[in-house]
Amino acid sequence: MKKIMNQVQDMVRESCEGFAQAHADIVALNAEPLFIYRRDMPVQVALISGGGSGHEPLHAGFVGRGMLAAACPGEVFTSPVPDQMLAATRQVTGAAGALYIVKNYTGDVMNFELAAELAAAEGLTVQSVVIGDDVAVQDSTWTAGRRGVGGTVFLEKLAGAAAEQGASLEGVRGVAERVMAGVRSMGLALTGATVPAAGQPNFTLQDNELELGIGIHGEPGRARVPMLSAADMAAGLLDPVVADLDLKRGEEVLVLTNGMGGTPLLELYLAHREVRRLLDAQGVKVARQLVGNYVTSLEMQGLSVSVLRASADDLKLWDAPVHTAALRWGA
Amino acid sequence: MKKIMNQVQDMVRESCEGFAQAHADIVALNAEPLFIYRRDMPVQVALISGGGSGHEPLHAGFVGRGMLAAACPGEVFTSPVPDQMLAATRQVTGAAGALYIVKNYTGDVMNFELAAELAAAEGLTVQSVVIGDDVAVQDSTWTAGRRGVGGTVFLEKLAGAAAEQGASLEGVRGVAERVMAGVRSMGLALTGATVPAAGQPNFTLQDNELELGIGIHGEPGRARVPMLSAADMAAGLLDPVVADLDLKRGEEVLVLTNGMGGTPLLELYLAHREVRRLLDAQGVKVARQLVGNYVTSLEMQGLSVSVLRASADDLKLWDAPVHTAALRWGA
Amino acid sequence: MPQAAQVRGADIRAFLLAFREKLAAQEAHLTALDAAIGDADHGSGMLRGANAVVAALPADGSPGALLKSAAMSFISKTGGASGPLYGTALLRAAAALPDQPQVTRPELQSALHAAYAGLVERGKAAPGDKTMLDAWKPALDALDAGKTWREAAGAAAQGAEATLPLVARKGRASYLGERSVGHLDPGAASSALLWAALADTLSGPLGEGPGPA
Amino acid sequence: MPQAAQVRGADIRAFLLAFREKLAAQEAHLTALDAAIGDADHGSGMLRGANAVVAALPADGSPGALLKSAAMSFISKTGGASGPLYGTALLRAAAALPDQPQVTRPELQSALHAAYAGLVERGKAAPGDKTMLDAWKPALDALDAGKTWREAAGAAAQGAEATLPLVARKGRASYLGERSVGHLDPGAASSALLWAALADTLSGPLGEGPGPA
Ligand SMILES: Nc1ncnc2c1ncn2[C@@H]1O[C@H](COP(=O)(O)OP(=O)(O)O)[C@@H](O)[C@H]1O
Ligand SMILES: Nc1ncnc2c1ncn2[C@@H]1O[C@H](COP(=O)(O)OP(=O)(O)O)[C@@H](O)[C@H]1O
Ligand SMILES: [Mg+2]
Ligand SMILES: [Mg+2]
Ligand SMILES: [Mg+2]
Ligand SMILES: [Mg+2]
């Protein structure tokens, strides 16, 4: 294992320090318990998210105007602890209340649940949404349910825009629920990822294999299959997404072609071409799109595709100004 | 070798197609010969750059308002051919003329030279600058000279801002030369990179080694050394840069902590913390900074650090609006 | 060696220290189990939590107070699924104990039942879902059947081993479906260490009357 | 087998096709050489260029016209350092030839001297810098000394081999400094293939008078 780090136990903290220095115009860092928050938080609903580290820029990279009020980074691939969410909630929550954006993993759900209980006990108004957009998870009755993956970016952007525009907690939550209902994702890996504390890749793939249906924690996926062409990768990811959404000709969508952290843009844009080709062929209209490494698994190579069925209102929220470390326009 | 691709010979073209689709609001694609150009090119000096592919987002990701007018992508790690630059020059050059931004590699220099001769023969006004900011190259009298690496981003941004503000070709060239005089860079690799057509990594590092003083073509560096802590990596890169620039206490700089393409942000921000710590300790003031994978070598893991001695004018040019695929603010 | 029939704060302290030692010794193993069907953080997470438990543990106090302190540390420092689960379990156990400097072994036993109920409530899993419950349940059953603490620890270890052929239905491993078969559940393995630490602390001749002492 | 003393367009065509064949056969080898001290694209780049040369080559024409066509294809499709270098060399050779359907071997020989001058002018390297010049120079020297085309090709191959101990001073390999020692220069290796292709096409008994025929 080779990582740019000093001591493994200091990795998340030191990385957050560098992040806060690099983006000091947007965010500030609370060291203990660890969270990143927006410097210029106005009086509005506060979106608070968090999750294990190793998925950068998610979530800290989305803190700022038009998206999150605070992000709580856990240890690598480990959900944050309730103390972090509670302290962040105290920092950014006003009368308008706060919405916790939780990716559906047992640990995240339980830790945010505990935090919400503690925050409520302090008189803070907190609601939660749990996103599970990963169609790779089948039979959700027999599992912990679909995982929260790439679609989280759409959720944080659209709900964040609604909050910025002064929507109520109910209103912001309504947008969040609309996004959750309309977004599906699926991912694949060409290489595994190494959790620094573990020192070894979670899984190792041969040169002629890929892992289809991965989550974002370096966990193995649904199936290991022989290496595919970019066209077949795109189809393998997009077909279940389109089927699950039951997308029809003429519908408008927002698409994220997302790298897993170690995916070079040369390859990612090529994948995006294949995604566009397939959607075009099905008469689905790509109204907006985002291509880049946004919801990642450390140094993993691979990609995921997220598709959101987007109304005109959704597109307006997407286009609304945003000023964060990872997304910026109109500001 | 596992790449997201179809046929290896189609890789660059297909990737450019995906890029142009993803950023159709900013750029258009010319398929044959291949170049990417700004859609809304105003009457001003046209900055034209290009180089081998595999360094994305360089250069196509910097085409747009406030930076480049056009970018010519060569095959992977291979300079583009004169036909591309000539056609791009015809597309975007008006009476104000064009400036070629060439990274100092024998192939790039010779191909841009040929293009400039051909363009001049057609009556187009073209000047060229050749950037070589890589302090890893010593004894430049005995080599092809310093390589153009991360500092290219500063050059393209600052000269692009000057062009956008209506500076003359001499003026834009003056900014470019000021940047070239004031910027130095150095990089290291934790892993090699695989040129798709070659199918094998250019070099392979053991788990306890890193390659210090690499360029951006997957070529081996100056020395192979035992694995270092993030603090020592930062010092190993920054010390020669600071020494070569002869930076003094109190001077202001612009810093790029750059990932080589496969470097996760978790690690890159941690590296940036170390870079900041060292500069702070030397009393050098980091006036602006950029952290991300901007000048890359395919899927290589590693980083480079670029430092520009920045005047107040430089900072104004840095802050000026930019709207490209990879950098966007104020627009 | 003979043990006091009563469980004092010092015993709980010893149990928690022993649990930490076992986690430290097994960290890599637990992480490797989690790498196979999870996300490779169970060893480091549990050890981080247990280290925090030991660092924050009051020098003395009632069994309930010590367990509560441990619970809060687990919740505050572990993260992941296991932080809230172990935290909730210990918190419920603490709440179930009489607020006394010493408690009886049957009182501890029913506190462990309360802990188990907390696990079920927090995680909504059932035995057979390939979770830590699969170590806890047989251990509690053993105590209920009058077996010794050492035997209960053995039952927990067996329960953990018995997760090998199971299909995971809860937590991260559930995403693997059939591919989770053939791997031990990391949380069950760490739970077996908890029960082993309990046995190390409390093992000895029966205490009072029938049932585990 | 006997060869015509005159060099016709068909001979130049045959030479270019033979060069392409050799590049195709050695693509992986050239790329491997470039991987060691460069950027692993010399084989693919040269083959791409040579394929373009063959695709665009007029069915017939004077030696000069064919070399010019080849030069333009190399420049338009190869990229990297070798595109402009090979392109410039062939362009200069074409310009140096009389505009005739057939030329003499001495005329071709001096055209190759012009090509070499173009390489030097474009690349500003000198023999011993570990570049393609180290294959071209001994080959030209051999011709000048009256050796056969086959012997000249042998000298080019030897020159390429002799780059092994050199420190690169030009091109990408120069960045390696001392670490470039012990590797063959890829451009010298591809240049040796060019000279071998020439020899395959022109080899035979001496043509006219002394000197290579
Ligand atoms: N719903 C649940 N109920 C009980 N135990 C669970 C549940 N979900 C997960 N676990 C236990 O937690 C263990 C994983 O812990 P850990 O690795 O810390 O969490 P994470 O999956 O968040 O990384 C599993 O091996 C399993 O024993
Ligand atoms: N200045 C120069 N003069 C002559 N030949 C050169 C020069 N620079 C490089 N070369 C030759 O070019 C070869 C590399 O070609 P190629 O791999 O196509 O270019 P690049 O280095 O741009 O990838 C080297 O092996 C060397 O023989
Ligand atoms: Mg975890
Ligand atoms: Mg090259
Ligand atoms: Mg885990
Ligand atoms: Mg090369």
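Structure notes:
- Of the set (1) at positive phi; (2) within 14 Å of chain A (Cβ to nearest Cβ), all apply to B:GLY50 but (2).
- Counting only strands (runs of 3 or more DSSP E) that sit wholly inside region B:62-154, those with at least 3 residues that are over 25 Å from B:THR194 (Cα atoms) and away from ligand 3 (no atom under 16 Å from the Cβ) are B:98-103, B:126-131.
- Selected residue (only one of A:VAL43, A:VAL102 is in contact with a Phe, Trp or Tyr (Cβ under 9 Å, 6 or more places away or on another chain) and either away from chain B (no Cβ under 14 Å) or under 30 Å from A:THR204 (Cβ atoms) (or both)): A:VAL102
- Filter result for D:GLY38 (touching a residue at least 60 places away in the same chain (Cβ under 8 Å) and either hydroxyl-bearing (Ser, Thr, Tyr) or out of contact with any His (no Cβ under 6 Å at 6 or more places or on another chain) (or both)): yes
- Among the residues of region A:167-194, the ones that are touching a Pro at 6+ places or on another chain (Cβ under 9 Å) and either within 14 Å of chain C (Cβ to nearest Cβ) or not β-branched (Val, Ile, Thr) (or both) come to 6 in all.
- Only one of the numbered conditions (1) touching a Lys or Arg at 6+ places or on another chain (Cβ under 8 Å); (2) at pLDDT 95 or above is not met by A:ASP40, and that is (2).
- So D:GLY79, is it on the phi > 0 side of the Ramachandran plot and either more than 16 Å from ligand 5 (Cβ to nearest atom) or in a loop (DSSP other than H, G, I, E, B) (or both): yes
- Test: residue in region B:10-20 that is more than 8 Å from every other protein chain (Cβ to nearest Cβ) and touching a strand residue (DSSP E or B) at 6+ places or on another chain (Cβ under 6 Å): yes
- Qualifying residue in region A:151-158 (condition: touching a Gly at 6+ places or on another chain (Cβ under 6 Å), in contact (Cβ under 8 Å) with a residue 40 or more places away in the chain and within 25 Å of A:ASN258 (Cβ to Cβ)): no
- Within region A:216-223, one or more residues are buried (at least 23 other Cβ atoms within 10 Å of the Cβ), touching a Phe, Trp or Tyr at 6+ places or on another chain (Cβ under 6 Å) and modelled with pLDDT under 95.
- Extreme residue, farthest from ligand 4 (Cβ to nearest atom), among residues of region D:44-61 that are free of Cβ contacts under 8 Å to residues at least 24 places away in the same chain and more than 8 Å from chain B (Cβ to nearest Cβ): D:ALA59
- Boolean, A:VAL242 is more than 9 Å from chain B (Cβ to nearest Cβ), over 19 Å from the mean Cα position of the chain (by Cα) and either within 25 Å of A:GLN138 (Cα to Cα) or β-branched (Val, Ile, Thr) (or both): yes
- Meets criteria (free of Cβ contacts under 8 Å to residues at least 12 places away in the same chain, in the same structural domain as B:ARG309 (by the TED database) and either under 30 Å from B:TYR37 (Cα atoms) or crowded, with 24+ Cβ neighbours inside 10 Å (or both)) for B:LEU210: no
- Within region B:113-136, one or more residues are in contact with a Lys or Arg (Cβ under 8 Å, 6 or more places away or on another chain), within 14 Å of chain D (Cβ to nearest Cβ) and farther than 23 Å from D:GLY79 by Cβ.
- Among residues of region C:94-116 that are closer than 14 Å to C:LEU140 by Cβ and modelled with pLDDT of 95 or more, those with a beta-carbon under 6 Å from a residue that is of a type in the set (Lys, Arg) and part of a helix (DSSP H, G or I) at least six positions away or on a different chain give the pairs C:ALA114/C:ARG92; C:ALA115/C:ARG92.
- Subset of region C:47-65 [crowded, with 24+ Cβ neighbours inside 10 Å and farther than 19 Å from A:ALA197 by Cβ]: C:PRO63
- Residue match in region A:154-165 (condition: away from ligand 2 (no atom under 16 Å from the Cβ), crowded, with 24+ Cβ neighbours inside 10 Å, under 29 Å from C:VAL167 (Cβ atoms) and not assigned by the TED database to the domain that holds A:VAL255): no
- The residue that is farthest from C:LEU30 (Cα to Cα), counting only those in region C:169-183 that are basic (Lys, Arg) and in a helix (DSSP H, G or I), is C:ARG179.
- Residue in region C:13-25 that is under 21 Å from A:LEU34 (Cβ atoms), among the aliphatic types (A, V, I, L, M) and either within 14 Å of chain A (Cβ to nearest Cβ) or touching a residue at least 60 places away in the same chain (Cβ under 8 Å) (or both) present: no
- Only one of A:THR89, A:THR93 that is away from ligand 2 (no atom under 16 Å from the Cβ), surrounded by fewer than 24 Cβ atoms within 10 Å (Cβ to Cβ) and more than 12 Å from every other protein chain (Cβ to nearest Cβ): A:THR93
- The requirement of being part of a helix (DSSP H, G or I), away from chain A (no Cβ under 14 Å), crowded, with 22+ Cβ neighbours inside 10 Å and on the phi < 0 side of the Ramachandran plot is fulfilled somewhere in region C:159-168, by at least one residue.
- Here is the figure for region D:98-152: residues that are within 14 Å of chain B (Cβ to nearest Cβ) and outside any loop (DSSP other than H, G, I, E, B) total 7.
- Cross-chain or 6+ apart pairs with Cβ under 9 Å, region B:74-99 first and within 14 Å of B:GLU122 (Cβ to Cβ), then in a strand (DSSP E or B) and within 15 Å of ligand 4 (Cβ to nearest atom): B:MET85/B:GLY50; B:MET85/B:CYS72; B:ALA87/B:CYS72; B:ALA88/B:GLY50; B:ALA88/B:CYS72
The values are calculated or read from the model by the stated rules, or taken from the named source; none is laboratory data. What you see is a predicted model, and the numbers here were worked out from it, not measured in a lab. Positions of Cβ are backbone-derived with ideal geometry, glycine not excepted, and every protein chain shown enters the neighbour counts.
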